[in-house]
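Undergrad: This is the structure, below, for whatever I ask next.
The values are calculated or read from the model by the stated rules, or taken from the named source; none is laboratory data. Bear in mind that the values here come from a model prediction, so they are computed numbers and not experimental data. Counting neighbours? That spans all protein chains shown, and the Cβs are built from the backbone with ideal geometry, glycine included.
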Amino acid sequence: MAKKKKDEIAQLSVALLDAMDAPVPVNPTCHISKSKYMAGVQCPKRQYLEVHHPELADSMDDGAMGRMQQGIEVGSLARRAFPGGVRVAADYKHLSNAIRDTRELLANSDVPSIFEAAFDHSGVLVRADVLTRNGAGFHLTEVKSSTKVKPEHTDDVSIQKYVMQGCGLQVRDTSVMHLSRQYVYDGALDVDRRSDYDISLLFATEELQPQSSGQMSRTLDEQFRMLAQPQPPDTATGDHCDTPYPCEFYDHCHPVWGDDDVRSLPIAGGKIEALRSSGITSIDRLPDMTALRERFHLTAKECKFAVGAKAKVVQIAPELAAELVALHYPLYFMDFETVFPALPLFAGLRPYDQLPIQWSVHILHEPGAELEHYEFLANDTNDPRREFITTLCAALGESGHIIVYNQTFESLRLKELAASLPEFAERIASIQRRLWDLLPIIRNHVYHPKFAGSYSIKNVLPALVPT
């Protein structure tokens, strides 16, 4: 009894201190959603543009749409862990109805869990993935399609708890429910493919400590003051432009500079500004390598990019010839394509395991000969792995180098195929021994200004082999 009393006193003391520490928030001049709040935590300029100038956003590509759909599927599966739960309709045009329905469900003690509950407080609207009754209060569970808890998830649950408690709801506990990489799908097929996952193993749940209401009030105060300004904040670009989430205003904040503008160089932004402050605005006016290193502190790699851009020609090291002479014909130019769904599709796969679905092989039997092309593409809903490796082995023959770009990727996929189809292990090991990686050859011996500092094949190929 004494310990319980001490705990209650401690909780009351923390609450009082937190309340004293919390500033009075600015009267909001607009409404923001949880996603817009999160955008503001990542970058104030992103939040401002989302609220005031959404028309400047890049259009959503297929990858982003696929990730969104994947998140919806994961959220739907997670709800099965809460039997008897009731979902609030996702009517985004009539959110007042969702808020009203939420109040009614909260008042109904026969409803153990509520999905997509809607709350509006202090200019912020949130929808909670799962609210479960916990004594006199509720347990908030945020569902994520990731395989671990990430730092940004704290901001996510913090704003939800802040808004819900502002609406008078007692949120006792908060946690994140995410996919588990330990789960291995057994592949037991069902009429409804999604019904055969073992939900108790597919997901893991971790408790999360939200930020205090004082911290949240200060952050919201800063955000609403910024949003009330006539112009967006002058936020410099940097790693936050795509971390933790890709920004839909990336192109707006990263204009394409002219080929001779020093801002087009793939070097640190602070060093670019130092060059410009010294009157060096064009690549043609760059000093020699010694000055770049000693005066502007460019790294050896950055110097290579700068000097290459100034020379405006491809740089080829003489050692490249010796590397190429070592190749043994016939040469096989091989490339794989994979998918890595959040929810495993076939037996033996885990969430986000790479599933090979396509290979392409061009064969050059001798110098000057015409290329022969062979390929495989999975075109149905069956497990493609056996047919993938069977047809690949037939195309690769028994001798000759197999040229890939970034050997780690193809080699790992082959290793995974050997583990799932052990009868091919010996043949796969033979293929792996013949792999020859073109990426380090290019990185060590070739540079073109149009690489823009990247050795991705998407940059390298059009620079060296323009169409």
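Undergrad: Mind listing whichever residues of the range 215-234 are surrounded by fewer than 16 Cβ atoms within 10 Å (Cβ to Cβ) and either in contact with a helix residue (DSSP H, G or I) (Cβ under 7 Å, 6 or more places away or on another chain) or among the acidic types (Asp, Glu) (or both)?
TA: Of everything in the range 215-234, those that are surrounded by fewer than 16 Cβ atoms within 10 Å (Cβ to Cβ) and either in contact with a helix residue (DSSP H, G or I) (Cβ under 7 Å, 6 or more places away or on another chain) or among the acidic types (Asp, Glu) (or both) turn out to be Glu222, Pro233, Asp234.
Undergrad: For the range 288-386, which helices (runs of 4 or more DSSP H) that fit wholly inside it have 1 or more residues that are closer than 30 Å to Ser278 by Cα and without any contact (Cβ under 8 Å) to a residue 24 or more places away in the chain?
TA: On the way: elements: 289-294, 300-311, 320-325.
Hits in the range 288-386: 289-294, 300-311.
Undergrad: I would also like to ask the following. State whether one or more residues within the range 400-407 are among the aliphatic types (A, V, I, L, M), touching a helix residue (DSSP H, G or I) at 6+ places or on another chain (Cβ under 8 Å) and under 16 Å from Ile389 (Cα atoms). It would help to see each step written out before you state the result.
TA: Of the range 400-407, the ones among the aliphatic types (A, V, I, L, M) are 402-404.
Still in the list and also touching a helix residue (DSSP H, G or I) at 6+ places or on another chain (Cβ under 8 Å): 402-404.
From what's left, under 16 Å from Ile389 (Cα atoms): 402.
Checking the range 400-407: at least one residue is among the aliphatic types (A, V, I, L, M), touching a helix residue (DSSP H, G or I) at 6+ places or on another chain (Cβ under 8 Å) and under 16 Å from Ile389 (Cα atoms).
Undergrad: Separate question: Answer with yes or no whether Ile267 is part of a loop (DSSP other than H, G, I, E, B), β-branched (Val, Ile, Thr) and surrounded by 13 or more Cβ atoms within 10 Å (Cβ to Cβ).
TA: Values: part of a loop (DSSP other than H, G, I, E, B): yes; β-branched (Val, Ile, Thr): yes; surrounded by 13 or more Cβ atoms within 10 Å (Cβ to Cβ): yes.
Considered against the rule, which asks whether it is part of a loop (DSSP other than H, G, I, E, B), β-branched (Val, Ile, Thr) and surrounded by 13 or more Cβ atoms within 10 Å (Cβ to Cβ), Ile267 comes out as yes.
Undergrad: Right, here's the next one. Just to verify a result, which residue in the range 399-419, among those that are under 29 Å from Gly187 (Cβ atoms), surrounded by 17 or more Cβ atoms within 10 Å (Cβ to Cβ) and in contact (Cβ under 8 Å) with a residue 40 or more places away in the chain, is farthest from the chain's Cα centre (by Cα)?
TA: First, pick out the residues of the range 399-419 that are under 29 Å from Gly187 (Cβ atoms): 408-419.
Then keep just the ones that are surrounded by 17 or more Cβ atoms within 10 Å (Cβ to Cβ); that gives 410, 413-414, 416-418.
This time we only want the ones that are in contact (Cβ under 8 Å) with a residue 40 or more places away in the chain, so: 410, 413, 416-417.
Values: Glu410: 22, Arg413: 21, Glu416: 23, Leu417: 26 Å.
Going through the qualifying residues, I end up with Leu417.
Undergrad: Further question on the same structure: Can you name the residue in the range 18-40 that is over 15 Å from Val163 (Cβ atoms) and part of a helix (DSSP H, G or I) and is also modelled with the lowest pLDDT among such residues? I'd like the intermediate steps shown before the answer.
TA: Taking the range 18-40 as the starting set, the residues that turn out to be over 15 Å from Val163 (Cβ atoms) are 18-21, 23-24, 26-27, 29-30, 39.
If we keep only those that are part of a helix (DSSP H, G or I) too, we end up with 18-21, 39.
Values: Asp18: 46, Ala19: 41, Met20: 38, Asp21: 43, Ala39: 98.
This residue is Met20.
Undergrad: Just the residues that are among the polar types (S, T, N, Q) and either without any contact (Cβ under 8 Å) to a residue 12 or more places away in the chain or assigned to a loop (DSSP other than H, G, I, E, B) (or both), please, taken from the range 160-178. Please lay out each step first, then the result.
TA: Start the filter on the range 160-178 by keeping residues that are among the polar types (S, T, N, Q), which leaves 160, 165, 170, 174-175.
The one that is among the polar types (S, T, N, Q) and either without any contact (Cβ under 8 Å) to a residue 12 or more places away in the chain or assigned to a loop (DSSP other than H, G, I, E, B) (or both): Gln170.
Undergrad: I'd like the residue in the range 387-398 that is among the hydrophobic types (A, V, I, L, M, F, W, C) and touching a residue at least 12 places away in the same chain (Cβ under 8 Å) and, out of all such residues, is surrounded by the fewest Cβ atoms within 10 Å (Cβ to Cβ). Break it down into steps so the answer makes sense when it comes.
TA: Of the residues in the range 387-398, the ones among the hydrophobic types (A, V, I, L, M, F, W, C) are 388-389, 392-396.
Add one more test, that the residue is touching a residue at least 12 places away in the same chain (Cβ under 8 Å), and what stays is 388-389, 392-393, 395-396.
On the way: Phe388: 23, Ile389: 24, Leu392: 23, Cys393: 15, Ala395: 17, Leu396: 21.
Once the filter is applied, the top-ranked residue is Cys393.
Undergrad: Within the range 439-462, identify whether any single residue is surrounded by 17 or more Cβ atoms within 10 Å (Cβ to Cβ), under 16 Å from Phe336 (Cα atoms) and touching a residue at least 24 places away in the same chain (Cβ under 8 Å), and answer yes or no.
TA: Scanning the range 439-462, I find at least one residue that is surrounded by 17 or more Cβ atoms within 10 Å (Cβ to Cβ), under 16 Å from Phe336 (Cα atoms) and touching a residue at least 24 places away in the same chain (Cβ under 8 Å), so the answer is yes.
Undergrad: Right, next: Any residue in the range 148-159 that is touching a residue at least 40 places away in the same chain (Cβ under 8 Å) and touching a His at 6+ places or on another chain (Cβ under 7 Å)?
TA: Yes, the range 148-159 contains at least one residue that is touching a residue at least 40 places away in the same chain (Cβ under 8 Å) and touching a His at 6+ places or on another chain (Cβ under 7 Å).
Undergrad: For the range 431-449, enumerate the residues that are over 23 Å from Ile357 (Cβ atoms) and part of a helix (DSSP H, G or I). Write out each step before concluding.
TA: The first filter runs over the range 431-449 and keeps only residues over 23 Å from Ile357 (Cβ atoms), leaving 433, 436, 440-449.
Hits for the range 431-449 are Arg433, Pro440, Ile441, Ile442, Arg443, Asn444, His445, Pro449.
Undergrad: Quickly run through the range 91-121 and pick out the residues that are crowded, with 19+ Cβ neighbours inside 10 Å and small (Gly, Ala, Ser).
TA: Residues satisfying the conditions are Ala98, Ser113, Ala117, Ala118.
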